[in-house]
Structures are given as C-alpha cells and as structure tokens.
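K.L.:
Take this structure first; my questions come after.
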Amino acid sequence: MLCCYEAKKRVGVTGKVIGIANSPKSTQRIKDLGFCDIVESAAGMTPVQIYEMVEKLTNGKMADVTINCVNVPDQEMTAVLCTKDDGIVYFFSMATSFTKASLGAEGIGSDVNMIMGNGYTKGHAEFTLQELRESPELRKIFEELYA
Ligand SMILES: NC(=O)c1ccc[n+]([C@@H]2O[C@H](COP(=O)([O-])OP(=O)(O)OC[C@H]3O[C@@H](n4cnc5c(N)ncnc54)[C@H](OP(=O)(O)O)[C@@H]3O)[C@@H](O)[C@H]2O)c1
C-alpha cells in the first residue's frame with residue numbers, strides 16, 4: 001500500500017501504477033485506496049498468466065519497477081517476467097530465494113536488475129510517516145490493521 005502510494009506520486013500523469021493483489025479482501029482494499037491506475041487479483045494465476053496480464057496492461061512494454069512483497073515462496077519468476085530488461089525488481093519478501101530469482105532470470109534470458117530489500121533503507125521512517133500524514137485513507141487502514 002505504501003509503495004503504491006509513493007509510486008503514484010512519483011510516476012506523474014504519464015506513468016502507470018499496477019497493483020496486483022491476492023485475496024478479494026486485499027484486492028478491494030487497494031482498489032478503494034485509489035492509488036493505483038489498475039488493480040487486478042492474481043489469485044490462482046500462473047506466472048505466465050500474470051506476465052500476459054501485465055503485457056496487455058503495458059502494451060507490451062512491461063514494468064520499469066516491480067516491488068514484490070508477496071509473503072509466499074515461488075513468486076520470484078512472476079516479478080522477473082513482469083519487468084522489462086534493465087528494469088528493477090525489488091524483492092522485499094522474506095520468502096524470496098536468491099537462487100530462484102537469479103537462476104530463474106538467467107534461465108529466461110532476462111537482464112533485470114535485482115535488489116534484495118532491507119527494511120532499514122535510507123529514509124524509511126521519514127517516508128513512511130510522511131505518507132501516513134499525507135494520506136488519511138492510508139492512515140485509517142494502518143490504524144485498523146496495526147494500532
Ligand atoms: N526485507 C526486509 O527487510 C523485510 C523486513 C520485514 C518484512 N519483510 C517482508 O515484507 C512483506 C510485507 O510484510 P507484511 O507484514 O505486510 O506481510 P503480510 O501482511 O503477510 O503481507 C504479505 C502479502 O502476501 C500476500 N499473500 C499471502 N499469501 C499469499 C498467497 N498464497 N499468494 C499470493 N499472495 C499471498 C498477502 O495477500 P493477501 O492478504 O491478499 O492474501 C499479503 O498482501 C513480507 O513479505 C515480509 O516478508 C521484509
């Protein structure tokens with residue numbers, strides 16, 4: 001949710017933010033927030049089906065930046081497939097396997113740049129607090145989930 005919010009601010013009117021969620025509940029939540037240009041549920045879809053969906057949504061260009069915070073194993077290839085050559089895949093999920101991500105990308109001839117995220121990235125606290133100050137909708141959800 002935080003990444004979608006920040007991405008929407010930064011891509012401007014010419015960019016496109018695609019939110020891909022799992023359960024109907026989280027899909028509806030991110031839709032209601034309105035931060036994404038498009039929200040889809042990928043529940044039950046294969047990585048190739050998700051690739052085809054993103055290909056269609058981006059007119060074949062694929063994503064410049066993909067942020068992966070899916071908390072289950074075996075999601076590496078979906079993120080790699082959805083990202084253009086020289087694009088960035090930011091793997092934040094603790095379920096990410098370096099082996100699957102790097103060998104998988106090699107296997108399909110993808111030259112994406114992969115980042116293994118660390119929660120203490122520079123400015124993380126300031127960014128997060130500022131986002132919660134700016135967006136009452138985001139703050140409400142965070143209070144409901146975590147307060
Ligand atoms: N890199 C770091 O330093 C660091 C530090 C802390 C945490 N993390 C990672 O940050 C991420 C977010 O943390 P969180 O506490 O927000 O985790 P969370 O609430 O468990 O969220 C993880 C997401 O994974 C999705 N998910 C769960 N099961 C799924 C399935 N079978 N198929 C597809 N999607 C599924 C959930 O979607 P639904 O609700 O729709 O099922 C949810 O949106 C986690 O991946 C965690 O490992 C990273």
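K.L.:
Is it true that Asp64 is charged (D, E, K, R), surrounded by fewer than 18 Cβ atoms within 10 Å (Cβ to Cβ), outside any loop (DSSP other than H, G, I, E, B) and in contact (Cβ under 8 Å) with a residue 24 or more places away in the chain?
P.N.:
Yes: the conditions hold for Asp64.
K.L.:
Before we move on, is Val72 out of contact with any helix residue (DSSP H, G or I) (no Cβ under 6 Å at 6 or more places or on another chain), at pLDDT below 95 and among the hydrophobic types (A, V, I, L, M, F, W, C)?
P.N.:
When the stated conditions are applied, Val72 passes them.
K.L.:
Could you list, in sequence order, all residues of the range 67-94 that are closer than 19 Å to Ile108 by Cβ, part of a loop (DSSP other than H, G, I, E, B) and more than 13 Å from the chain's Cα centre (by Cα)?
P.N.:
Pro73, Asp74
K.L.:
In the range 46-68, how many residues are touching a strand residue (DSSP E or B) at 6+ places or on another chain (Cβ under 9 Å) and not small (Gly, Ala, Ser)?
P.N.:
12
K.L.:
Right, another one. Scan the range 101-147 residue by residue and report those that are closer than 24 Å to Gly34 by Cβ and outside any helix (DSSP H, G or I).
P.N.:
Ser135, Ala147
K.L.:
Moving on. For Tyr146, only one of the following conditions fails: (1) within 22 Å of Ile18 (Cβ to Cβ); (2) surrounded by fewer than 11 Cβ atoms within 10 Å (Cβ to Cβ); (3) of a type in the set (Ser, Thr, Tyr). What is its number?
P.N.:
(1)
K.L.:
Here is a further query. Out of Val89, Val80, Val48, Val54, which single residue is at pLDDT 95 or above, in contact with a helix residue (DSSP H, G or I) (Cβ under 9 Å, 6 or more places away or on another chain) and surrounded by fewer than 18 Cβ atoms within 10 Å (Cβ to Cβ)?
P.N.:
Being at pLDDT 95 or above, in contact with a helix residue (DSSP H, G or I) (Cβ under 9 Å, 6 or more places away or on another chain) and surrounded by fewer than 18 Cβ atoms within 10 Å (Cβ to Cβ) holds for just one of Val89, Val80, Val48, Val54, which is Val48.
K.L.:
Same structure, new question: Could you grab me the full set of residues in the range 124-143 that are surrounded by 12 or more Cβ atoms within 10 Å (Cβ to Cβ) and small (Gly, Ala, Ser)?
P.N.:
Selection gives Ser135 alone.
K.L.:
For Gly87, work out the one condition from (1) in contact with a strand residue (DSSP E or B) (Cβ under 6 Å, 6 or more places away or on another chain); (2) within 14 Å of the ligand (Cβ to nearest atom) it doesn't fulfil.
P.N.:
All conditions are met except number (2).
K.L.:
While we're on this one: In the range 1-38, what residues are part of a helix (DSSP H, G or I), of a type outside the set (S, T, N, Q) and surrounded by 15 or more Cβ atoms within 10 Å (Cβ to Cβ)?
P.N.:
Leu2, Cys3, Cys4, Tyr5, Glu6, Ala7, Lys8, Arg29, Ile30, Lys31, Leu33
The values are calculated or read from the model by the stated rules, or taken from the named source; none is laboratory data. These figures come from a predicted structure and were not determined experimentally. Note: ideal-geometry Cβ built from the backbone for every residue, glycine included; neighbour counts use all protein chains shown.
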